[in-house]
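The values are calculated or read from the model by the stated rules, or taken from the named source; none is laboratory data. Being a predicted model, the structure only gives us computed values, none of them experimental. So basically every Cβ, Gly included, is an ideal-geometry build from the backbone, and we count neighbours across all protein chains shown. Surface accessibility is based on the protein's heavy atoms, side chains included, excluding ligands, DNA and RNA. Shrake-Rupley method; radii C 1.70, N 1.55, O 1.52, S 1.80 Å.
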Amino acid sequence: MKKTNLSITGMHCASCSATLNKAFSKIDGIKSANVNFSTSKASIEYDEKKISEQQLIGIVKKKGFSASIGNDLDYKKQARMQKRELRKIKKRFYISLVFAIPAFIIGMVFMWLGIMLPYQDYLLWVLATPVQFFVGAQFYRGAWTALKNKSANMDTLIAVGTSAAYFFSVYAVLFNPELGQYFETSAILITLVVLGKYLEAVAKGKTSDAIKKLIGLSPKIATVIREGKEMQIKVDEVVEGDILIVKPGEKVPVDGVIIEGSSSIDESMITGESMPVEKNEGDNVVGATINKHGSFRFKATKVGANTTLSQIVRLIEDAQGNKAPIQRFADIVSAYFVPVVIALAILTFFMWFFAFDKGASFAVLTGVAVLVIACPCSLGLATPTAIMVGTGNGARRGILIKGGDALETAHKIKVVIFDKTGTITKGMPELTDAISTNPTTSDKMLQIAASIEKSSEHPLAEAIVKNAKEKGLALKQAKDFKAIPGYGVVAKVDGKQYFFGNAKLMAKQGIDITPVQVKMHELEEQGKTAMLLAKDGKVVGLIAVADTIKDTSLKAVRRLQKMKIFVYMITGDNELTAKAIAKQAGVNHVFADVLPEDKANYVKKLQKKGKVAMVGDGVNDAPALAQADIGIAMGSGTDVAMEAGNIVLMRNDLLDVPRSIMLSRMTMSKIRQNMFWALFYNVLGIPLAAGLLYPFTGWLLSPIIAGGAMAMSSVSVVSNSLLLKYKKL
């Protein structure tokens, strides 16, 4: 299966995207397709053996729209297209305004003042015609496209409504002047709709500010060393393996590893953390971050679409393009809404004309008002605009949410499970105790343990090896090394087999730990991880390592508890050590002595209580992250665990866990607000437009007011979504 993105032009409302989604769903070889009206993009997963990208474009064109392959790096072209489209809408609005204002003055203001001009009706006909057929041509094209696809959309409503007013007026002027004309009504309606589309386009543009800002951060020029010479080239021309130079104040061009020099780097664009990070030889650097002071050389490891910045942009775009489950409700409503509205408008006309004998003019006006006020644009924009702003808001703070479904699920979280090492704790443990059963050989015991752990990648192993080196102990060659996950390791040193690990490993090997059990208990009560070294069936020593909790762990746990979320900690450590760490972090529920492969089972058990989020490093905890309703991966910015979780936290700050859940709650609240007002507006507006209150109060909704209200409903929904930008997490 292959995944591609198409940029689509010509969509006018949510019904257009629904038409394309329906078309893609019928094609053999397409696994999934999501056409997003708000972003004008289609994300398609398909079998390239059965269908090609050009055929996908052909499907779009067949439905009356235009499409091109979305190039992940061609963001500037996309921005230019958006600006060009905005200028076109603006130009159409001004042209419409030139004719609509005189029509409004002559047809309404002068009428109220009792002023009549010679050939007034014909003058209004002349003024309304360019608006109806030049500016309004887009609505006729959209309606025709919908008709060919055996559907109806917003353009259908506008085209039918304004045409009814226009052609009724033509008939009245030519054959029955006593009926009255409504040329100014159709002209002003189209003008208001175009104004609404312009304001909507401006507001929609602001919802993607996060991506635009990230794209703008990318440097344009890089200084490389080729053939022994220092030269400046475009960043696009940098290849993996190039040696690059970064001077003070410059941006790092691409991702890489420092090979010479040191500096402090501002990584706020990746992590949201304002404090510069010290970098030395061997450290990773990320493209688009800012070098503050020193000068250094580094080797390019990721370029082009593979850089961290490009991955983040792609992740945000995917998230903004993916539908939240709640969007399905809006899609279903939109699919049936327009035909129902047209039926209601026809019913309104017939009821007033035949049943109540109010005359053709009155019947036409009420029918047109129903058509115009009911456009479902605001409903189609309710979910995607909120998701775009929500995911963008998170990205600015280093919280990357992978899609609308993750954003929606996160607000339902009832339980959060934290992995201990590297998540609640700093993941940089230090050796605190090295106790041998023979006090004179404690260094010898540490030397053996470090020689064995030299082959391990576990954080605790690093602490032991580091301490041994600091003491100047020469490490020996360990042979037949074997790691036993959840237990420890076994290896041979100087021809003798050693077991090094927890009490479970000793029990598994039938080794008695009674001589060191009391001391081991004491160390574990202090929150230290105690490991046993054994040979020839006997324990020869005890090594304790302590991993302190992160500064924000306690605050994060307390905030989650205030949010009525149960917090658990899960670890492979024994119960005493686990409880000591949990107490420091404020966690009340602990799962200890858990093997890595069993973590997912504990997640399953807790899922019976409600939605569960698992927080881990995205590598060792991958099965548990996948099992959880929401997997939250702690990222470091350079080795982003983008595949591991639904949410990636670019900073190793646990406070971002409650922030991400709060962001989800705020976004879902906005979506519900948007949907309520969009539906409430239509439920209230359609009966008013149909003249339901007219027999009792004499109130009748003018088509012009209906048009203005319809235009502003879409603008209000987008504006409400934009308020998310200013919410504090």
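Annotations
- Here's the list of lysines a cross-link from Lys150 could span, going by alpha-carbon distance under 23 Å and ignoring same-chain residues fewer than 8 apart: Lys22, Lys26, Lys41, Lys61, Lys62, Lys63.
- For peptides 527-540, 116-129, sequence by mean Cβ density within 10 Å, most packed first: 527-540, 116-129
- Fraction of accessible area attributable to carbon and sulfur, the chain (%, probe 1.4 Å): 57 percent
- In summary, the lysines within cross-link reach of Lys292, defined as a Cα separation below 24 angstrom excluding same-chain residues under 8 places away, comprise Lys212, Lys213, Lys220, Lys234, Lys247, Lys251, Lys279, Lys302.
- Qualifying lysines (Cα of each under 22 Å from Cα of Lys538; at least 8 residues distant if same chain): Lys444, Lys476, Lys479, Lys482, Lys492, Lys496, Lys504, Lys508, Lys519
- Using alpha-carbon coordinates, inclination of helix 183-207 to the longest axis of the chain, degrees: 10 degrees
- Think of the chain as having a plus end and a minus end, set by charges on the Cβ of Lys, Arg, Asp and Glu; of Phe418, Ala449, Ala534, Phe418 sits farthest toward the positive end of this dipole.
- Axis of helix 553-562 versus longest Cα principal axis of the chain: the two differ by about 40°, to the nearest ten degrees.
- Each Lys and Arg contributes +1 and each Asp and Glu -1, all at the Cβ; summed about the Cα centre of the chain, the dipole is approximately 840 debye.
- Considering helices alone, the calculated mean residue ellipticity of the chain at 222 nm is -15500 deg cm²/dmol, with DSSP H runs of length four and up weighted by -39500 (n - 2.57) and normalised per residue.
- By average C-beta atoms within 10 angstrom, highest first, the peptides 541-551, 647-657, 171-181: 647-657, 541-551, 171-181
- Using alpha-carbon coordinates, inclination of helix 575-585 to the longest axis of the chain, degrees: 50 degrees
- The range 467-542: C-alpha gyration tensor shape, a/c 1.5 cut-off, then a/b vs b/c: oblate
- Histogrammed with a bin width of 5 Å, the alpha carbon distances of the range 1-156 distribute as 2, 8, 15, 15, 14, 12, 9, 7, 6, 5, 3, 2, 1, 0, 0 percent, first bin at zero.
- For the chain: rounded, prolate or oblate by the Cα gyration tensor [a/c cutoff 1.5]: prolate
- Relative contact order, percent, the chain [alpha-carbon distance under 8 Å, six or more residues apart]: 13 percent
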